[in-house]
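The values are calculated or read from the model by the stated rules, or taken from the named source; none is laboratory data. Keep in mind that what you see is a predicted model, and the values were worked out from it rather than measured. All Cβ positions, even for glycine, are placed from backbone atoms using ideal geometry, and neighbour counts span all protein chains on display. Heavy atoms of the whole protein, side chains included, go into the accessibility calculation; ligands, DNA and RNA do not. Shrake-Rupley method; radii C 1.70, N 1.55, O 1.52, S 1.80 Å.
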There are 2 protein chains.
Amino acid sequence: MDGGLEKSRRITLNDIARACGVSRATVSLVLRRSPLVHADTRRRVEAEMLRQGYVYNRAAANLRQRVSTTVALVINDLSNPFFAEFAAGVDEALGVKGYVTLLGSSNESPARQRQVLGSLIEHHPAGIILSPAENSDVADVELAIGRHAPLLVFNRKLTGTPAPGFEYDFLGLDNRAGARAATKRLLELGHRRIAFYGGHADSSSCRERRLGYQDALGEAGIPIDPRSMIETAPTRLEANAHADALFAIDAAPTAAVCYNDAVALGLMLGLTRLGRHPGVDFAVTGFDDIPEAALGVPPLTTLSADPRARGRQAAELLLQRAAAPSLLRRSVVVPVLLTERESTPHALRA
Amino acid sequence: MDGGLEKSRRITLNDIARACGVSRATVSLVLRRSPLVHADTRRRVEAEMLRQGYVYNRAAANLRQRVSTTVALVINDLSNPFFAEFAAGVDEALGVKGYVTLLGSSNESPARQRQVLGSLIEHHPAGIILSPAENSDVADVELAIGRHAPLLVFNRKLTGTPAPGFEYDFLGLDNRAGARAATKRLLELGHRRIAFYGGHADSSSCRERRLGYQDALGEAGIPIDPRSMIETAPTRLEANAHADALFAIDAAPTAAVCYNDAVALGLMLGLTRLGRHPGVDFAVTGFDDIPEAALGVPPLTTLSADPRARGRQAAELLLQRAAAPSLLRRSVVVPVLLTERESTPHALRA
DNA sequence: CTGAAAGCGCTTACAG
DNA sequence: CTGAAAGCGCTTACAG
């Protein structure tokens, strides 16, 4: 008794063909819904497949056809809801098109990312969607995946210069415009001392968001104090821990544009700990609009990127590329929308 | 110019063999690190593989060897951090053992789950890890996957009775003991009117948690008022919306054991909206210990299940099963730990 | 409308 | 230590 697992013998096309007294080719045609097969034969074959519990072996078919029905998806941080939603969107859109997602998670480690890519590429996916670990070098990625499958990079640029001929598509958020919009709104609300809080300054998204922040301040004629840009790891925990850095500045800020929602939520806790009242005497904005943003205390003003939709978009871009490898590579930058909630009060009289 | 994608011709073992003047078999032995191959030959072959950018085709190898190096992972709700962490843990442990994760997400839809399972099974995974959508029927699952791959079900039982011979392993949390521990603790803190809040009463995990809650009340000699068990969808939003149901009861409760953290966080918001102060004049407990639990306002007393560790555990259980299909099926129930935080104050004098 | 044969990229006995 | 041959489960011309 093997507990219901028929490890020993798998049912193949041959078994069905033999049982029906037809050739393998005929069974194959039935599977592929070819109109060439006589209706009676088709019915007999289909009944037999059901009876024997036949399961199509797509790997074998793909090998013969020299095609692939898988796409590799490598995610830097599944525990961040932004990326988890993105992954769900990718999987959803791929499923609709008959593709299966090969998942890999790098946990923000470039070494693990290399390893994961190397392992996934051996399954010869039709393409790769990579949400890169921080500081992923383009040469590293090329070494891991070669040039066999089209690559779509999400969210963060790869560092370094690609070797000639190594190309990839990019899907990202309009970080600069988003941060600029948030900062402008704070200015409209009367804030004049506004900090940029959190994120690693050397990550491409943080750099871009800082630029947007500076754009808005510049346009308002407010000089930029480099000390008002505070670096933290982009996590709730770190953002919480470093909140006091905001008040080490001579004239303390009344508002902070945060690198992302995780940082903003962490900062709000830190502010509360320090006796401040975010949403009352201090304004905070985030980035991403993760589900918790709307439900925080106070609800967080943030920039919506709809990660699930971005996932679907990434899947579609990649499949388009796989179908037309010679077309020019694209860099798609998605606008983000300012969603105002209670975390951004008017500036108070000092 | 094809943009660096060599869609046309893939490098195979044959190309390497020809270039080195050896047979395919020899190259294959080099790949598999056989000591039979002369060191010089090995070096020549390895150099040639690097030069031509050879990528091993694991699907072809698996086909020939009649083995599988993939595992299917089907998740009901990736946007819930509990399941996202679980998925990350599964992927991590599988990666270590050289397996690749085939991802599928059902978004809590049994229909989509059927479809996803049907598609994944065609890739002949070595096994399937299923975190089922609510109300997944065991017969449905069997229909989709047959009996070809071992199945590990996580977190929720399947509904219905399995057909004779259809068996699966189960990994779940000790829901009953967990809810009992939380309720007991509230009793120790002096609470006497305690509600059970949230969740769908017909889900196995909710049923079990309600039983644990009733166990504790029963042991304390407190009669159970069925109206003190309030049903909501297990989401933050719904939990928030129905908070007032707690105060429709004659003698309003001073504490609520919540179905899970999402519900508890939602309820705390709802309480605040109603002018209550969770953590001060009302006690709330959760279940899961998602990252937000510790960072909520107030931080949430909850039951820790360490979903990432559960993911690793699920992967290991499944691979054990795949190696020993005939062993008796197992049902592993993991204890959960009460983690006390500020959301559970002593009962106040009414 | 159906069948015999070749082949996808690999591995595995079996010779030598 | 290396090669020729067969075969994993499928599909695809090509006959008939």
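At a glance:
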read-out: Scattering curve values for region B:26-159, log₁₀ I(q)/I(0), Debye with Cα scatterers, q = 0.09, 0.13 Å⁻¹; value: -0.38, -0.64
read-out: Share antiparallel - DSSP beta bridges, chain B, percent rounded to 5; value: 10
read-out: Angle in degrees between helix A:39-52 and the longest Cα principal axis of chain A, rounded to the nearest 10; value: 70
read-out: Carbon/sulfur fraction of accessible area - the protein assembly as shown, other protein chains in place, 1.4 Å, %; value: 54
read-out: Degrees between helix A:110-121 axis and first principal axis of chain A (Cα, 0 to 90, nearest 10); value: 20
read-out: Where B:312, B:66, A:209 fall by accessible area, highest first, once all protein chains stay in place (1.4 Å); value: B:66, B:312, A:209
read-out: Equivalent ellipsoid semi-axes - Cα gyration tensor, region B:13-56, angstrom; value: 14, 10, 10
read-out: Heavy-atom accessible area order for B:225, B:40, largest first, 1.4 Å probe; value: B:40, B:225
read-out: In Å, descending, principal axis extents of the Cα set of region B:200-274; value: 33, 29, 16
read-out: Computed log₁₀ I(q)/I(0) - Debye formula, equal Cα scatterers, no solvent, region B:175-305, q 0.16, 0.19 Å⁻¹; value: -0.67, -1.00
read-out: Whichever aspartates and glutamates have a C-alpha closer than 17 Å to that of residue B:97, once near sequence neighbours (fewer than 8 apart) are set aside; value: A:122, B:316
read-out: A:112, B:330, B:321, A:51, ranked by accessible area, largest first (probe 1.4 Å); value: A:51, B:330, A:112, B:321
read-out: Three-way shape label, region B:100-177, alpha-carbon gyration tensor, a/c 1.5; value: rounded
read-out: Candidates A:109, A:131, A:23, ranked by Gaussian network fluctuation over chain A, Cα under 10 Å, top entry; value: A:23
read-out: Long-range tail of P(r) for region A:237-300 (Cα pairs > 15 Å, %); value: 43
read-out: Karplus 3J(HN,Hα) series, Hz, for region A:154-163 with 6.51 cos²θ - 1.76 cosθ + 1.60 (x for Gly, Pro); value: 10, 6, 10, 6, 7, 8, x, 9, x, 4
read-out: DSSP bridge pairs, the protein assembly as shown: antiparallel proportion in percent, nearest 5; value: 15
read-out: Contour minus Cα-Cα distance for residue B:339 and residue B:250 (0.36 nm per residue); value: 29.0 nm
read-out: R0 of 35 Å, Cβ-Cβ distance residue A:34-residue B:60: FRET efficiency to nearest 0.05; value: 0.85
read-out: Residue list for region A:73-101, given a label point 7 angstrom along the Cα-to-Cβ vector of residue B:96 and an amide N cut-off under 17 Å; value: none
read-out: Rg/Rh for the protein assembly as shown, where both radii come from Cα atoms and Rh is the Kirkwood radius; value: 1.01
read-out: C-alpha center-to-center spacing [region A:227-289, region A:140-161] in angstrom; value: 34
read-out: Cα-derived Rg to Rh of region A:257-350, Kirkwood definition; value: 1.19
read-out: Chain A: angle of helix A:204-219 to the longest principal axis, Cα-based, in degrees nearest 10; value: 40
read-out: Where labels lie 7 Å past Cα in the beta-carbon direction, separation of residue A:67 and residue B:47 in nm; value: 4.1
read-out: GNM result for chain A, Cα springs below 10 Å: residue of A:236, A:185, A:18 fluctuating most strongly; value: A:18
read-out: FRET efficiency, 1/(1 + (r/R0)^6) with R0 22 Å, evaluated for residue A:10 and residue B:25 via beta carbons; value: 0.30
read-out: Cut-off 10 Å between beta-carbons: net charge of the residues surrounding residue A:287, Lys and Arg +1, Asp and Glu -1; value: -2
read-out: Descending semi-axes in whole angstrom, ellipsoid equivalent of chain A, from the Cα gyration tensor; value: 52, 21, 17
read-out: Amide proton proximity set for residue B:157, modelled H, under 5 Å, gap of 5+; value: B:204, B:205
read-out: Amide H partners (placed H, <5 Å) of residue A:70, local residues excluded; value: A:100, A:126
read-out: Most fluctuating residue given options B:140, B:250, B:77, as computed from a GNM of chain B linking Cα atoms under 10 Å; value: B:250
read-out: Contour excess over end-to-end distance, with Cα ends at residue B:332 and residue B:161 and 0.36 nm allotted per residue; value: 59.7 nm
read-out: Histogram of C-alpha separations across region B:136-186, 10 Å bin width, %; value: 22, 41, 20, 14, 4
